[in-house]
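The values are calculated or read from the model by the stated rules, or taken from the named source; none is laboratory data. Source: prediction; values computed, not measured. Every residue, glycine among them, receives a Cβ derived from its backbone with ideal geometry; neighbour counts consider all protein chains shown.
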Amino acid sequence: MDPSDPPAVAVVDATTPGNVGTIARAMKNFGFEDLLLVDPPELDPDGEAYGFAGHARDDILPDATELSFDELVENYHTIGCTAVTNEDDQHHVRFPYSTPAELAERLPAVAAPTVLVFGRERVGLTNEELSRIDEICSIPASAEYPALNLGQAATITLYELRSLALEDGDTQLPDKTRVRAPEPLLERLYEQWGDLLVELNHPEEKREKTMRMIRRVYGRADPTEGEVNTFLGLLRRATERPDQQVPDDRSNQ
């Protein structure tokens, strides 16, 4: 176990095989690989666990390690994932806690093998188990109904912690910085806006302020090259005052 590896994911005493499969799939989605199972249900390769696992049925689920809760706490820095219901510093079973987003910022500094521990579908982790856990993680949710389904809770947590498992560029999303229109093309767009302001007889004393506003709007929008070219075409037509152009002969037919 390398302390620099992404956290492992442990599921304690799950009842429904499908939830184990759902968690394995979420691990595959967000780059996590090490699945640990404490008292798991039977995971039939032809059953719902593998049916729910998606591509995780090829590696994460069949490679899962079964172990005891004692082995879990003895060998890992443990993070118990549980609902926190109106507890405060007078009650230390589920307090203090971190949100998954806060964990994502802090866990890289933890120099120990780490595991995210999820409990049973109905009752989660028991108070006795939580008393042996190193720290608590809880997802912010409605005060009226903070309890999440086991698979949902794991998916949300792993999504928030994906930066611990996926390097920049490892997702399917394109690099936004590479699709932003090049600066020379944007400058042509601003020049075309300037020409249109002149054509529209926009008050000269307001043009500088207007152009600054236009530049800021496009600057925040990060338009693509195709979008800028479309705007350029529209602005050219507007600048040429199509209302004054000679009608196409076909309009008289």
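If you scan the range 101-134, which residues turn out to be among the small types (Gly, Ala, Ser) and without any contact (Cβ under 8 Å) to a residue 24 or more places away in the chain? Walk me through it before giving the result.
At the first step, the residues of the range 101-134 found to be among the small types (Gly, Ala, Ser) are 101, 104, 109, 111-112, 119, 124, 131.
Matches in the range 101-134: ALA109 only.
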Selection from the range 63-72 of residues surrounded by fewer than 19 Cβ atoms within 10 Å (Cβ to Cβ) and either under 26 Å from the mean Cα position of the chain (by Cα) or modelled with pLDDT under 95 (or both) yields ASP63
Got at least one residue in the range 120-131 being in the same structural domain as PHE52 (by TED's automatic domain parsing) and in a strand (DSSP E or B)?
yes
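For THR15, state whether it is touching a residue at least 60 places away in the same chain (Cβ under 8 Å), in the same structural domain as ILE156 (by TED's automatic domain parsing) and either of a type in the set (Phe, Trp, Tyr) or assigned to a helix (DSSP H, G or I) (or both).
Working: touching a residue at least 60 places away in the same chain (Cβ under 8 Å): yes; in the same structural domain as ILE156 (by TED's automatic domain parsing): yes; either of a type in the set (Phe, Trp, Tyr) or assigned to a helix (DSSP H, G or I) (or both): no.
The answer is no for THR15.
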Sole miss for VAL11 among (1) buried (at least 17 other Cβ atoms within 10 Å of the Cβ); (2) over 16 Å from THR155 (Cβ atoms); (3) among the β-branched types (Val, Ile, Thr) is condition (2)
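For the range 3-21: of the residues being touching a strand residue (DSSP E or B) at 6+ places or on another chain (Cβ under 7 Å) and small (Gly, Ala, Ser), which is farthest from ALA49 (Cα to Cα)?
Here is the first cut: in the range 3-21, the ones touching a strand residue (DSSP E or B) at 6+ places or on another chain (Cβ under 7 Å) are 7-15, 20.
Adding the requirement that they be small (Gly, Ala, Ser) leaves 8, 10, 14.
Details: ALA8: 19, ALA10: 15, ALA14: 11 Å.
So, considering only residues that are touching a strand residue (DSSP E or B) at 6+ places or on another chain (Cβ under 7 Å) and small (Gly, Ala, Ser), the one farthest from ALA49 (Cα to Cα) is ALA8.
If the requirement is being within 17 Å of ASP13 (Cα to Cα) and among the charged types (D, E, K, R), which of these qualifies: GLU135, GLU144, GLU102, GLU128? Can you show your working first?
On the way: GLU135 fails: within 17 Å of ASP13 (Cα to Cα); GLU144 fails: within 17 Å of ASP13 (Cα to Cα); GLU102 fails: within 17 Å of ASP13 (Cα to Cα).
That would be GLU128, the only listed residue that is within 17 Å of ASP13 (Cα to Cα) and among the charged types (D, E, K, R).
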